[in-house]
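The structure appears below as structure tokens.
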Amino acid sequence: MAAHLGRRLRRGATSGAVVAAAVAALAASQAPEMVPPPADNASGDMPTGVGDTATPPGGSASGNSPYYTDLPPLNTPNRPGAPTNLPIVTGPAEAGIPASVLAAYKRAEQSLKSTDPNCNLPWQLLAGIGKVESGQASGGRVDANGTTLSPILGPVLNGVGFANISDTDNGVYDGDTKHDRAIGPMQFIPSTWATWGQDANGDGKKDPSNIYDAAQAAGMYLCANDRNLAVKADLDRAILSYNHSTEYLNTVLSWFEYYKRGTHQVPDGTGVLPGGRSDDRDRTTPSGTRPAPTTPATPKPTPSKPTPSKPAVPKPTPTPPPVTNPVTKVVRLKDASTGTLTATAGGTFAVRPAVLALDAAGKPVAGVQVRFRITGDTDSRFGIGAREITATTGTAGKALAPSLKAGERIGRFTVGATVVGRTLSPVSLTATVTERSADKLTRLDAKELAATTGTEFADQVQVKATDAGAVAAGVALTAGFVTADGSQAADGPYFKDASGTAVRTLTGLKTDADGVLTLPKMYADEKAGTYLLRLTTPGGGTLTVELKVTAPAPEPTPTPTPTPTPSPSQSTTTPEATPTS
């Protein structure tokens, strides 16, 4: 087989099975112990092609942006511990990782071993993702601090061929105030960076364009939700959370396995860039998004006098920032939230949970991982859909959790904060979800509500709820018939429950998404009169509607027929005979 597969995967066109077959061939010829990545659906993921257009429930680190699709070569580098009688080689160029980039990956691995040892994060996984996302920071084009020499930007996520993600950072990171773009060597979108961004090199900034910050953030992102990356299912889920595509999963796994067989360090700026991309429809590398490898022009010879050449000054290998464990300095956590954690059902908490990590002298400790965990009978979650999240304290010692999203369950719950890797007294923050409210109810028609005794009302009551002028959706509403003094009516109009029984008060009614509610049919009993229907909502919304019940009109009394009187000529009386003398 050729030294390089020379294949580029096309999104939705080339099956992930091609990658699996290629890596299987690599395993058979060079590394018998290698386990090839799964074919489509082998680990319960979506079929090839489907993942490229679907968005996972919690989003993705890169916003499902395009990625490099070239595969590793088949001639793998020597694996550590190989027989000593083999020739010592550094391996193919693709195995070389720029010095600063390699140092950042290894530093992130060491840091996660200290703070989240159960995750089992291998630096080769970060290298696989870094290769696929940015070609190892554009071949290691970074400065002495690990920051890319020029921005590495994904395409504008404006819905044209990609996801549609409106601007979330006001252009601070990606320079675009209309839409977001993936940025940096690990290709975080700004909204994801806002949650997971790290200051791993200790310069006081969380910079997605810095390889140390980005690698640390990527490691924490992959370890989220108590994943154990030594377990295949968790490993697959972690990679898919970065970009929800089966092809992406298989491509990253192929580089991951390749780097596990050995790598070597190359000077910054000299790494080999991949060529194929998942959005490369015509086999050309688009410009303006990610840098492509260039071939320097061959200069024409110019006759000149020979001059002694100066010996090349070797570029010093960058020394990665020392791995320190600030956790040992922390003696307590302190609540640093800026207000009360309260939100209406279905809304977002205005205040985010926050704590301070303090040492024995009461001074803030930076770089400490704090785990925030939601406990209690609640369906509220952090904004990314998780009950548990880890944040790192900044230079002021403050760890800020993502925004909380209130569920529909009313009541209190607790957000606990603990230091990862230390047994310290936790900080418990009480959060409260209140019911939805409306301050105004308006009837949507002005029809007179009238019925005769013993019949149903022809019209139903329809109302709209608003709160401070805005539509109040999902607001609970109580409807009941009352007397003039406001007490519950004992007779008069009524509703019917599911069994057909007459009821004069209804609870548990809720407005729809437009804040509108249509009441059930109403019925009149045998008592005529004027009655009141009162509607109320949490928040003070009240509406009183008048109903009239009339007795049916009385039937007219029929006129009696007169009895005829006989005339004298018609008399039947026989006169008495006159006696004769």
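No lab work stands behind these numbers, since they all come straight from the coordinates. These numbers were taken from a predicted model, which means no experiment stands behind them. Methodologically, a virtual Cβ is constructed for each residue, glycine included, from the backbone with ideal geometry; neighbour enumeration extends over all protein chains shown.
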**OP:** Would you please give the residues with an amide H less than 5 Å from that of Leu149, counting only those at least 5 places away or on a separate chain, with H modeled from the backbone geometry?
**Re:** Val142, Asp143
**OP:** Please give the FRET efficiency for Arg443 paired with Asp226, using the beta carbon to beta carbon distance and R0 = 45 Å, rounded to the nearest 0.05.
**Re:** 0.30
Subject >> Residues Lys334 and Arg409, FRET efficiency given R0 of 41 Å [Cβ-Cβ distance, rounded to 0.05] >> reply: 0.90
Original post:
Quick one: Glu94, Glu109, Glu408, fewest Cβ neighbours within 10 Å first, how do they rank?
Top reply: Glu408, Glu109, Glu94
Original post:
When a footprinting reagent is the concern and you count Cβ atoms within 10 Å, what order do Ser241, Ser403, Ser278 take, fewest first?
Top reply: Ser403, Ser241, Ser278
**OP:** Could you calculate the contour length gain from Ala233 to Ser499, that is, 0.36 nm times the residue separation minus the distance between their Cα atoms, to one decimal place in nm?
**Re:** 90.7 nm
Subject >> Under 15 Å from Lys232, Cα to Cα: aspartates and glutamates that are on another chain or at least 8 residues apart >> reply: Asp40, Asp45, Glu257
Original post:
How big is the gap, in Å, between the Cα center of segment 144-196 and the Cα center of segment 234-283?
Top reply: 19
**OP:** In nm, give the distance between the simple-model label positions of Thr342 and Thr453, each being 7 Å from the Cα along the Cα-to-Cβ direction.
**Re:** 5.1
**OP:** Could you tell me the distance between the Cα centroids of segment 520-544 and segment 416-490, to the nearest Å?
**Re:** 15
**OP:** Please give the length that would be gained between Val351 and Ser114 if that part of the chain were fully extended, namely 0.36 nm times their separation in residues minus their C-alpha to C-alpha distance (nm, one decimal).
**Re:** 82.3 nm
**OP:** Kindly rank 211-221, 498-508, 182-192 from highest to lowest mean number of other beta carbons found within 10 Å of each residue.
**Re:** 211-221, 182-192, 498-508
Original post:
Under a straight-distance cross-link criterion of Cα-Cα below 17 Å, which lysines are reachable from Lys329, leaving out those fewer than 8 residues away in the same chain?
Top reply: Lys363, Lys398
**OP:** Counting other beta carbons within 10 Å of each Cβ, put Tyr68, Tyr258 in order, fewest first.
**Re:** Tyr68, Tyr258
Subject >> Separation of the Ala386 and Leu424 label points, Cα + 7 Å toward Cβ, nm >> reply: 2.0
